[in-house]
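Peer 1: Pasting a structure here, questions to come.
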Amino acid sequence: MQIYQGVSTATDGSLAVSEATADWGTEPQMVLAFVSTAQDAGDVAAALAHKFPHSHIVGCTTAGEHLSGRHLHGSLVLTGIDSEDLTWSTALLTDLDHLDESRVSRTVEQMLHELDIYKYTQLDRCFCLSFIDGLSMKEEVTSALIADALQGVPLLGGSAGDDVKFEKTEVIHNSLACSDAVVLTIAHSRVPFKVLKHQHFTTTPISLVVTEVDTAARRVYELDGYPALSAYAHAIGLNPEQVTEEVILKNPVTFSCNGEIYVRSIQEVMPDGSLIFYCGVEEGMVLEIGAHNHMSTSLKTELDNLADNFGPIDFLLMCNCVLRAQEADSEDSHDQLGDILSETCRTSIGFDTYGEQLNGLHINQTMVALALRDG
């Protein structure tokens, strides 16, 4: 498996592609592209498709970029993958408001057909990546539809960002960059792979029940029958006026599903005391106050365990929540986190997301990742 990597901070998209791929020896089968708002995603996609007309090209805009241990802003980061043991199929699904089971199923079936996988055989050798418009508010329903169509194929991905401007996010598919879309990549792999979910939060016995919510807006008005902010503040031992952005960052709520803990992060406290979340919350959902562990220690433990059980990690693709990046900013721990990645993974690429997708669920304050081992 040959891995090519490159980075550029040039603001001209074509120049950034030229700089980032200057020492690539050949046209790779797959190109992963993560681009900041400093470059135009459409220009980047067009330049990549011009330079690599036979490659699959997928990616998205970001809220921060990662490349082999470095955390970056204002950059284009690229990885090219070439291996006779990996085959790829990609597709773009647009108009997310009208996406339905039939369209998703047809698309997945066509992708599997392109990979010579018929009637859902050999699915244990497949994985699926998804990158979705991070401002679409459609991650929950879209991820669920894709996961159902995949019939058990592991699904992971992230919501595109725009450097926390919350104005426009785009996904990249070959020569195009567009909003209101999700780009899918299904791979058939003869090299070992592993999907990783890493978070540095556990749970506590303190629970809150969602009793009034606008599900479509992800806006919770009441918890346990009380105004949401008041109930949340009481649960963490504070007065409502003491709930700051930093407090929210360190005290997310979690929910449990099939024995796994998933984070539900609060995005904003509204003047009326309601809480807007980064991902879906439903009436009757039982939320628990999360317990905070040290991010660097947790990541090292997770990657060491992965390396021990999986073997050497030759490539890692990361979809890392922007809230984790903001916490690393506040603790000045990006270099420490990068050193851990560099020690464990031969190469890596990733981006800071507006949410992460894992097997049909949309989550926050998590890193989901794909590890590949060469043979």
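Here, each number is a calculation from the coordinates, and none is a lab measurement. In this text, all values refer to a predicted model and were calculated from it rather than measured experimentally. FYI the Cβ positions are ideal-geometry reconstructions off the backbone, even for glycines, and counts take in every protein chain you see.
Peer 1: Let me test this: with uniform point scatterers at the alpha carbons of the chain, what is the Debye-based log₁₀ I(q)/I(0) at q = 0.08, 0.13 1/Å?
Peer 2: -0.38, -1.03
Peer 1: What percent of all Cα-Cα pairs in the stretch 96-173 falls in each 10 Å bin, counting up from 0?
Peer 2: With a bin width of 10 Å, the distribution comes to 17, 46, 28, 9, 1.
Peer 1: So what is the diffusion coefficient of the stretch 201-292 in µm² per second by Stokes-Einstein at 20 °C and 1.002 mPa s, using a Kirkwood Rh over Cα pairs?
Peer 2: On the way: Rh = 12.8 Å.
Calculated translational D: 168 µm²/s.
Peer 1: To continue, here is another question. Build a GNM of the chain with springs between Cα atoms under 10 Å: which of Asp23, Asp162, Asp82 gets the top mean-square fluctuation?
Peer 2: Top of the fluctuation ranking is Asp23.
Peer 1: Order 3-9, 57-63, 39-45 from most to least packed using the mean count of other Cβ atoms within 10 Å.
Peer 2: 57-63, 39-45, 3-9
Peer 1: For the residues Ile132, Ile266, what sequence is obtained by ranking on other C-beta atoms within 10 Å, fewest first?
Peer 2: Details: Ile132 30, Ile266 25.
Going from sparsest to densest Cβ surroundings: Ile266, Ile132.
Peer 1: Under 10 Å from the Cβ of Val213, count the other residues' Cβ atoms, weight Lys and Arg +1, Asp and Glu -1, and hand me the total. Mind dumping the intermediate values first?
Peer 2: Details: positive: Arg218, Arg219; negative: Glu212, Asp214, Glu222, Glu282, Glu283.
Here the count lands on -3.
Peer 1: Here's something else I'd like to know. Counting other beta carbons within 10 Å of each residue's own, what order do Leu92, Leu135 fall into, fewest first?
Peer 2: Details: Leu92 16, Leu135 19.
With the sparsest Cβ surroundings first, the list reads Leu92, Leu135.
Peer 1: I've got another one for you. Averaged over every viewing direction, what's the projected area of the C-alpha convex hull for the stretch 145-258? Give it in nm², one decimal, please.
Peer 2: Details: hull surface 44.0 nm².
Averaged projected hull area, Cα only: 11.0 nm².
Peer 1: Rg and Dmax of the stretch 294-375, using alpha carbons, in Å: what are they?
Peer 2: Looking at the stretch 294-375, its Cα Rg and Dmax stand at 12.6, 39 Å.
Peer 1: Hey, can you rank 364-374, 193-203 by average C-beta count inside 10 Å, highest first?
Peer 2: 364-374, 193-203
Peer 1: Summing -39500 (n - 2.57) over the DSSP H runs of n ≥ 4 in the chain and dividing by its residue number, what mean residue ellipticity at 222 nm do you reach, to the nearest 500 deg cm²/dmol? Numbers along the way, then the final one.
Peer 2: Values: 9 runs with 96 residues, N = 375.
Mean residue ellipticity at 222 nm (helix-derived): -7500 deg cm²/dmol.
Peer 1: Just flag the GluC sites (Glu not before Pro) in the stretch 179-284 sitting in loop per DSSP whose Cβ has no more than 16 other Cβ atoms within 10 Å. Intermediate results must be reported in sequence, preceding the final value.
Peer 2: Working: sites: Glu212, Glu222, Glu241, Glu245, Glu246, Glu260, Glu268, Glu282, Glu283; in loops: Glu282, Glu283.
Passing both the DSSP loop test and the Cβ count: Glu282, Glu283.
Peer 1: Before anything else, pin down the relative contact order of the stretch 201-292: Cα pairs under 8 Å, at least 6 apart, normalised by residue count, whole percent.
Peer 2: Values: 194 pairs, mean separation 38.8, N = 92.
Here the relative contact order equals 42 percent.
Peer 1: What shape does the stretch 252-301 take by its C-alpha gyration tensor, where a ≥ b ≥ c are the square roots of the eigenvalues and a/c under 1.5 counts as rounded, a/b above b/c as prolate, and the rest as oblate?
Peer 2: Details: a/c = 2.91, a/b = 1.52, b/c = 1.92.
Oblate, since a/c reaches 1.5 and b/c is not below a/b.
Peer 1: List the pairs from Lys138/Lys168; Lys194/Lys300; Lys168/Lys194 whose alpha-carbon separation is above 21 Å, in the order I gave them. Walk me through the numbers on the way to the answer.
Peer 2: Working: Lys138/Lys168 15 Å; Lys194/Lys300 17 Å; Lys168/Lys194 32 Å.
Lys168/Lys194, as the Cα separations exceed 21 Å there.
Peer 1: Oh, and also: Please tell me the relative contact order of the stretch 223-375 in percent, rounded to the nearest whole number, where contacts are Cα pairs under 8 Å and at least six residues apart. Mind showing how you got there, number by number?
Peer 2: On the way: 218 pairs, mean separation 35.3, N = 153.
Answer for the stretch 223-375 is 23 percent.
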